[in-house]
Amino acid sequence: MTEKGGAAVWLLAGGQTLIYAGCYYSFPALLPDLVAATGWTKGELALGPTLAFLIMAGLTPFTGRLVDRGLGGEMLIWLPGLCALGVAGLGLVESLAGWLALWALIGVAQAGSLYETCFAFLTRRLGDGARAAITSVTLVAGFAGTLAFPLGHWLGSALGGQGALVVFAGLIFLAMPLNALAVRQLRQRERAGQVTPPSPPGILQAALRKPAFWIIAVGFLAVYLNHGILITYALILFADRGAAPGLAALAAACIGPAQAAGRLVLLAAGARVTTTQATMASLGGTVLAGLLLWLAGLAPWLIFAFALAQGAGIGLTSILRPVLIAEILGRQGFGAISGAAAVAPILASAAAPSVGAGLLALGGPGLVYAVCLGLAVTGLSLMALLLVRRDRFGG
């Protein structure tokens, strides 16, 4: 499926896995150990990743433009090093102000080294072959949490929370040579003229005037806010549905493998499944998950069905969002357009814990179920409207 990208795609997949494990999943994997090591509250510690998300959201349109100018490879090679330095610094810092400053640095690095930049780089070089390549990258990188949580448990026990972060920084450094080799291989395609040419000025401004851009942005904002809330408070919600703590933890652990399974099915299906069909199935899965979670009050075992539907559905969105943007808004200026469209879902991910906490305080778990189901229906409805009437909305 990835013959157009060859081994370079799998090298990038390995690099993304290491970066996500080291800078994204290391925090939740080590949170109890970090509380013990620093004496700061969970809320104070969580301000760091939230700040990184906000900075990443603000910079992603800019880094997208850099990809369009041919600098995506440089960011994929060097910014993981900056991220690693920031994570290593977290293992040494002694003040909350320093903690936040280092997370700000990590946010800058994440804006140019994670999925958005990687996918824009692949889209620019592989054209129609990008969907298979992106699917392969997310299939592998989806196991970043599987790597980070057991490693964090072991390292946190042996070295403490901050000492473990220094080791996680080493994982991120390992991504640099993998990315460098991948970039070198993919850039050899330039000699054959197989790369999207530089974009004329005004491409992003033209995209922003199309309703299709805003439908994609708002639709995926709704889906990512839905997922962020449900994942953050999964154990609380499962307990409300009547699941014992061990059963709740087991069900939550099924979400990650379900994401990988969904991506594997899409990779195996290849061109036999259109982007429209995959999108409807993906977002339909999140709607089904919301219904199953509500019904789990009658049969607690349905939390496992929820985990499978939610995981498989959300697992495809990271693939389908860039593919939809390329197919509907075009590949010229893809980096800038994709980066601008990514601001909304990134902000949704940053806001999800606070929004979920507010919903629980206002109306308890029942309000969370209702709002999250509404968000899933909103996302599905907007994408269905766009895909059926793409000509009318500027696609």
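One line per residue, one yes/no per condition, for (1) of a type in the set (Ser, Thr, Tyr); (2) in contact with a strand residue (DSSP E or B) (Cβ under 9 Å, 6 or more places away or on another chain); (3) buried (at least 24 other Cβ atoms within 10 Å of the Cβ); (4) at positive phi:
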| position | (1), (2), (3), (4) |
| --- | --- |
| 29 | no, no, yes, no |
| 38 | yes, no, no, no |
| 41 | yes, no, no, no |
| 55 | no, no, no, no |
| 82 | no, no, no, no |
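Output the residues belonging to the range 65-80 that are closer than 19 Å to residue 106 by Cβ and open to solvent by less than 10 Å² (accessible area, probe 1.4 Å). Explain how you work it out, then say what you get.
Let us first name the residues in the range 65-80 that are closer than 19 Å to residue 106 by Cβ, namely 66, 74-80.
Of everything in the range 65-80, those that are closer than 19 Å to residue 106 by Cβ and open to solvent by less than 10 Å² (accessible area, probe 1.4 Å) turn out to be 76, 80.
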Problem - Single condition residue 133 does not satisfy, out of (1) closer than 22 Å to residue 148 by Cβ; (2) surrounded by 19 or more Cβ atoms within 10 Å (Cβ to Cβ) - result: (1)
Problem - Some residue of the range 328-339 being at pLDDT below 90, closer than 17 Å to residue 214 by Cβ, of a type in the set (D, E, K, R) and open to solvent by 10 Å² or more (accessible area, probe 1.4 Å) - result: no
Practice task
Looking only at the range 293-308, decide whether some residue is under 17 Å from the mean Cα position of the chain (by Cα) and either at pLDDT 85 or above or closer than 13 Å to residue 230 by Cα (or both).
Solution key: no
Exercise for the section: For the range 18-30, enumerate the residues that are at pLDDT 95 or above and either over 13 Å from the mean Cα position of the chain (by Cα) or hydroxyl-bearing (Ser, Thr, Tyr) (or both). Expected result: 18
Problem - Number of the exception - residue 109 against (1) buried (at least 20 other Cβ atoms within 10 Å of the Cβ); (2) modelled with pLDDT under 90; (3) of a type in the set (A, V, I, L, M, F, W, C) - result: (2)
Fill in the blank from the handout: Reported set for the range 218-240 where residues are closer than 21 Å to residue 347 by Cβ, in a helix (DSSP H, G or I) and not aliphatic (A, V, I, L, M) is 219, 220, 224, 226, 227, 228, 232
Practice task
Search the range 240-283 for residues being open to solvent by 60 Å² or more (accessible area, probe 1.4 Å) and closer than 16 Å to residue 296 by Cα, and hand back the single one that is modelled with the lowest pLDDT.
Solution key: 245
Exercise for the section: Filter the range 290-306 down to the residues that are part of a helix (DSSP H, G or I) and open to solvent by 40 Å² or more (accessible area, probe 1.4 Å), then identify the one that is nearest to residue 258 (Cα to Cα). Expected result: 304
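Quick one: is residue 324 closer than 30 Å to residue 136 by Cβ and either of a type in the set (D, E, K, R) or buried (at least 18 other Cβ atoms within 10 Å of the Cβ) (or both)? So that I can check it myself, show each step before the final result.
Details: closer than 30 Å to residue 136 by Cβ: yes; either of a type in the set (D, E, K, R) or buried (at least 18 other Cβ atoms within 10 Å of the Cβ) (or both): yes.
Yes, satisfied.
Which ones in the range 143-169 are open to solvent by 20 Å² or more (accessible area, probe 1.4 Å) and under 24 Å from the mean Cα position of the chain (by Cα)?
Taking the range 143-169 and keeping what is open to solvent by 20 Å² or more (accessible area, probe 1.4 Å), we get 143, 146-147, 149-151, 153-154, 157-160, 162-163, 166-167.
If the condition is that a residue be open to solvent by 20 Å² or more (accessible area, probe 1.4 Å) and under 24 Å from the mean Cα position of the chain (by Cα), then 143, 146, 147, 149, 150, 151, 153, 166, 167 are the ones that fit.
The values are calculated or read from the model by the stated rules, or taken from the named source; none is laboratory data. Keep in mind that what you see is a predicted model, and the values were worked out from it rather than measured. Quick reminder, even Gly has a Cβ in these numbers, built from the backbone with ideal geometry, and neighbours come from all protein chains shown. Heads up: the accessible areas ignore ligands, DNA and RNA and are worked out on the full protein's heavy atoms, side chains in. Shrake-Rupley method; radii C 1.70, N 1.55, O 1.52, S 1.80 Å.
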